[in-house]
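Read-outs throughout are calculated quantities, based only on the coordinates presented, and are distinct from any laboratory measurement. Quick caveat: nothing in here was measured; it's all calculated off a predicted structure. Methodologically, a virtual Cβ is constructed for each residue, glycine included, from the backbone with ideal geometry; neighbour enumeration extends over all protein chains shown.
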């Protein structure tokens, strides 16, 4: 063989591509010469379908974008629609939204941690993370009535109030989770093999991050301290105390540490919300559902939110009819994933799985 | 006569073996894949039913769980993966999207039902189905294989 | 200074500026030097009589935002020389809305299969006319209107 | 049936006794009947060891599934048979009737031979293991002067089967798996053999049984702790179980060398892997923990207990550790294990020089 470079296709079905990513990799022995991701295997026309129904109907497609953190997606849509229509939301509903979103962020990060462990060849962390996640899902199930896709946030509030039983579940969960965090971190973080495999792997410098438009934990792991919850607070994020964990290394291990710290911060936010949540209405009675369907609006709206993967927002354009004219989804994973060619060049096959799973891509959101 | 009894018993045993040892294919498409993983997880643990060996290679797996929306771009690949599996092979269509297109049925790039691509043995309703529903589907498939009602 | 054609804001106060489509690349270069160092996304809107291309800019230091719009008749200059991340966004905009980007290194479809007819996010895209995808011999996609040809 | 076994065991005891005491210097003039009995006993012993190794594989797979489930807060298989004990039987029935796919581009002969290259040496290796001292309750099928060399030779063939299978499959992932397997074997084989040489120096014999009897006072793990560590790690590496499961590495190379294998061919690989685990546990306990030496109980029980401890350690590493990267693995093999084994060789040479009579 004159040409030493072999072309290998990872995916669209491969155990460590988190769904349907396909990466065309050119390999020189074990070393990656060039990696070219191919996406679109889960393109479900969310934008087109949301432009075909009314404003409340778009929710079902937005819900299924990032299916491991559906409430975060709903929040982005709901805020954009409310901003466009000028809907007032009761205070209690906003606090509840904040609490639910942070709970869902925990669930999303736990899935990431479990599958990341699986990609590094560890079976057991997956089960521990899913065990912890089930506890959160039980709370979400109690509040929303669903396990994965909730459809819980309504335009003008939330669909149902949080029951006292659910509050009690959340309270015990926050207390337990702080203790559990130590264990969750140690599943991977104390493993010498894990640390040696992830340090200096899949590096992204701050310039790369800005150039690719990478946001979220990946951006913060590369030394750029930016979080929409702090920079442009939506809901009541300016009324709670939390830190933005930041690392400067920009490798897979830094992303691991950032996400772990973010989980701690989310738990503390939930705890603070529990203390501050007021009594009152949870739904704006003025905007009942039949009325919303008929509500006509015009103008543009773009409300950025911080989803577990990065900056998520929806650019809504109304044309005066009851159907949104343009629903453009800014999906964080799409931009994060586009940095793969830079992130993988010169590393080994084993680093491919580590680096790809450190992006935490969810293909409902990448391909939309 | 005794030959027949022997053959029948052997046949029963083979059916029993196939039914009780369905190794699923690590194959996730969309939202339902997360619930499929939950069904694997500690709380639901479908390893109890003999499906604990998740195989990454289609050659070694018996059960394909189509968990999520089948897009037009992915459908030929699913067919190829199905062709790569060795007989006897079974398919569970999990969730509304895989069964009939689900909420995306009006879309331009979604196949409305994976049964246009591969033959399906059990459909599971729900969007997404709860892990209990998937486990019930697995049990149903097992019972049908052991009773000899699945033909391949 | 590149001239701005008109200005407006979104409902929550993000500035929207319209520039001429020839000025897109110089205007964005200028804005990048001013501190808008992140390109969040590029998108396109089909207004039936014309197309619009949108650039969402963000400054990572003071987190101010800017939306740049340009009316276009199908072709604008690519900004991949400014931001590497523009590559995928421009491919997606070409794929779904059908705005061409001049000097783009690899302007192919990204979400849909190569060979797909039409741009689905155009308002006149025929939703009832199904297309079918199958695998060609080289492992890539082959698109046709025949139901028997694919899935 | 019971009577048959009873008679056979008496016959067995007699022949063992005669074999040890008379046969070596009575071959020419021995009666024909004794030779027939000797032949029957040898066949029975081989069959017994074969069954024992299969039982060991089945038990290990069952224990592995249950133990892993328990470590992961699950229950594990419990629906097929009492406590899921028949699960593996169901798996075997399933695998037996699976379609046997051979890729058109594959090298058919090599592709078919490869699984047996993994499985057969493992079974043959069991025959060479000294399962006990000379008495009725113990098994020692073959006893000649080079058993440990043959044992290691068999254990060296098994990974070759993986390499051949990977190369023959004509699949890029399999190719990578085979190449990794080859690199890994070379990285671990040299330190393993050097640390074995130091054991042979101390025991002064190539006979596995002599190595065991040399440890009747002090097991070799005490003077040769370095060698034990090297040998043990190399054994984990040779089995390609996590953390050294690079040839199969699920999340990277789909299924590595066995990607294209289906049905019972894959089943043979699967069982070969677990058989290799049992074999290497027995080898480590023979070489370093004194094999069947132990008070009160018969030797076979001691060996099985010692082997079971090592199998549990193997399973524990499997469950709890992640996968190392290929360069880290080779670095470990050549940079740390090889020098350690050489140091160990020098130490044991010194011991043999000054305290030679001890063993």
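Write down Rg/Rh for the stretch D:177-273, rounded to two decimals, with Rg from the C-alpha atoms and Rh from the Kirkwood relation over Cα pairs. Provide the component values of the computation, followed by the final result.
Details: Rg = 17.0 Å, Rh = 15.3 Å.
Rg/Rh for the stretch D:177-273 comes to 1.11.
Can you give the percent of C-alpha pairs in chain A whose distance is more than 30 Å?
The calculated P(r) of chain A puts 37 percent of pairs beyond 30 Å.
Per residue, how big is the convex hull of chain B when only Cα atoms are used? Give it in Å³.
Value for chain B: 100 Å³ per residue.
Run the simple label-point estimate for residue A:281 and residue D:146 please: 7 Å along Cα→C-beta, distance reported in nm.
9.3 nm
Taking Cα pairs under 8 Å and at least six residues apart, what relative contact order does chain C come out at, in percent?
17 percent
For the pair residue D:55/residue A:175, report the inter-label distance in nm, with labels modelled 7 Å from Cα in the Cβ direction.
For residue D:55 paired with residue A:175, the spin-label model returns 5.3 nm.
What is the gain in length, in nm to one decimal, between residue D:172 and residue D:73 on full extension, counting 0.36 nm per residue of separation less the C-alpha to C-alpha distance?
32.0 nm is the gain from fully extending residue D:172 to residue D:73.
Looking at the protein assembly as shown only, what percent of DSSP beta bridges run antiparallel? Nearest 5 please.
75 percent
Using helices alone, I'd like the mean residue ellipticity at 222 nm for the protein assembly as shown: each DSSP H run of four-plus residues gives -39500 (n - 2.57), total over residue count, nearest 500.
Computed mean residue ellipticity for the protein assembly as shown: -16000 deg cm²/dmol.
Any idea what % of Cα-Cα pairs in the stretch D:206-359 are farther than 19 Å?
61 percent
Output the Kirkwood hydrodynamic radius of the protein assembly as shown, Cα pairs only, in Å rounded to one decimal.
31.2 Å
Could you tell me whether the stretch D:63-200 comes out rounded, prolate or oblate from its Cα gyration tensor? Rule is a ≥ b ≥ c as square roots of the eigenvalues, rounded for a/c under 1.5, then prolate if a/b exceeds b/c, otherwise oblate.
Working: a/c = 1.73, a/b = 1.09, b/c = 1.58.
Note, shape of the stretch D:63-200 comes out oblate.
Could you work out the mean count of beta carbons from other protein chains within 10 Å of each residue's beta carbon in C:58-64?
4
Just to be sure I understand: with springs between alpha-carbon atoms less than 10 Å apart, which residue in A:29, A:216, A:76 has the highest mean-square fluctuation in the Gaussian network model of chain A?
Largest GNM mean-square fluctuation: A:29.
Rounded to whole Å and sorted largest first, what semi-axes of the equivalent ellipsoid does the C-alpha gyration tensor of chain C yield via the square root of 5 times each eigenvalue?
Result for chain C: semi-axes of 33, 17, 13 Å.
Please determine, in degrees from 0 to 90 and to the nearest 10, the orientation of helix B:31-40 with respect to the longest principal axis defined by the Cα atoms of chain B, where the helix direction is its Cα long axis.
40 degrees
How far is helix A:164-189 tilted, in degrees, relative to the longest principal axis of the Cα atoms in chain A, given as a value from 0 to 90 rounded to the nearest 10?
10 degrees
Quick one: divide the alpha-carbon radius of gyration of the stretch A:57-119 by 2.2 N^0.38 Å and tell me what you get.
Normalised Cα radius of gyration, the stretch A:57-119: 1.30.
Mind pulling the angle between the C-alpha long axis of helix A:91-119 and the longest principal axis of chain A? Nearest 10 degrees, somewhere in 0 to 90.
So the inclination is approximately 20 degrees.
Taking chain A as a Gaussian network, where each spring joins two C-alpha atoms under 10 Å apart, which residue of A:308, A:164, A:341 fluctuates the most?
Highest fluctuation of the listed residues: A:164.
Hey, with R₀ at 25 Å, roughly what FRET efficiency would residue C:123 and residue C:144 work out to, going by the Cβ-Cβ distance, to 0.05?
Once rounded, the FRET efficiency stands at 0.50.
Quickly work out the residue A:159-to-residue C:2 label distance, labels modelled 7 Å from Cα along the C-beta direction, and quote it in nm with one decimal.
4.5 nm
Rounded to two decimal places and with Rh computed the Kirkwood way over Cα pairs, what is Rg over Rh for the stretch D:231-285? Don't skip to the end; give the middle numbers.
Values: Rg = 12.0 Å, Rh = 11.8 Å.
Answer for the stretch D:231-285: 1.01.
Counting alpha carbon pairs within less than 8 Å and at least 6 residues apart, what relative contact order, in whole percent, applies to the stretch D:96-358? Mind showing how you got there, number by number?
On the way: 438 pairs, mean separation 74.0, N = 263.
Taking the mean separation of contacting Cα pairs over the length of the stretch D:96-358, I get 28 percent.
Relative contact order for chain A: what is it in percent, counting Cα pairs under 8 Å that are at least 6 residues apart?
Once normalised by length, the contact order is 27 percent.
Could you tell me how many cubic angstrom of Cα convex hull volume the stretch D:252-324 has per residue?
Dividing the Cα hull volume of the stretch D:252-324 by its residue count gives 114 Å³.
Work out the FRET efficiency for residue A:236 and residue C:108 from their Cβ-Cβ distance, taking R0 = 41 Å, and round it to the nearest 0.05.
0.40
Please report, for the Cα atoms of the stretch C:63-146, the Rg to one decimal and the Dmax as a whole number; what are they, in angstrom?
Using the Cα atoms of the stretch C:63-146, the pair Rg, Dmax is 15.1, 50 Å.
Let me understand the stretch A:238-357 better: what is its radius of gyration from the alpha carbons, and its Dmax, in angstrom?
20.4, 59
List the equivalent ellipsoid semi-axes of the stretch D:96-358 in whole Å, largest first, each obtained as the square root of 5λ for an eigenvalue λ of the Cα gyration tensor.
So the equivalent ellipsoid measures 33, 21, 15 Å along its semi-axes.
Between residue B:7 and residue A:33, how high is the FRET efficiency from 1/(1 + (r/R0)^6) when r is the Cβ-Cβ distance and R₀ = 56 Å? Nearest 0.05.
Efficiency, from the Cβ-Cβ distance: 0.45.
Would you mind listing how long the stretch C:112-151 runs along its three principal axes, going by Cα atoms, in whole Å with the largest first?
Result, largest extent first: 34, 18, 10 Å.
Once you've got the GNM for chain B with C-alpha springs shorter than 10 Å, pick whichever of B:131, B:88, B:119 has the biggest mean-square fluctuation.
Greatest mean-square fluctuation among the candidates belongs to B:88.
On a C-alpha basis, how far is the centre of the stretch B:49-123 from the centre of the stretch C:98-136 in Å? Whole number, if you could?
That distance is 25 Å.
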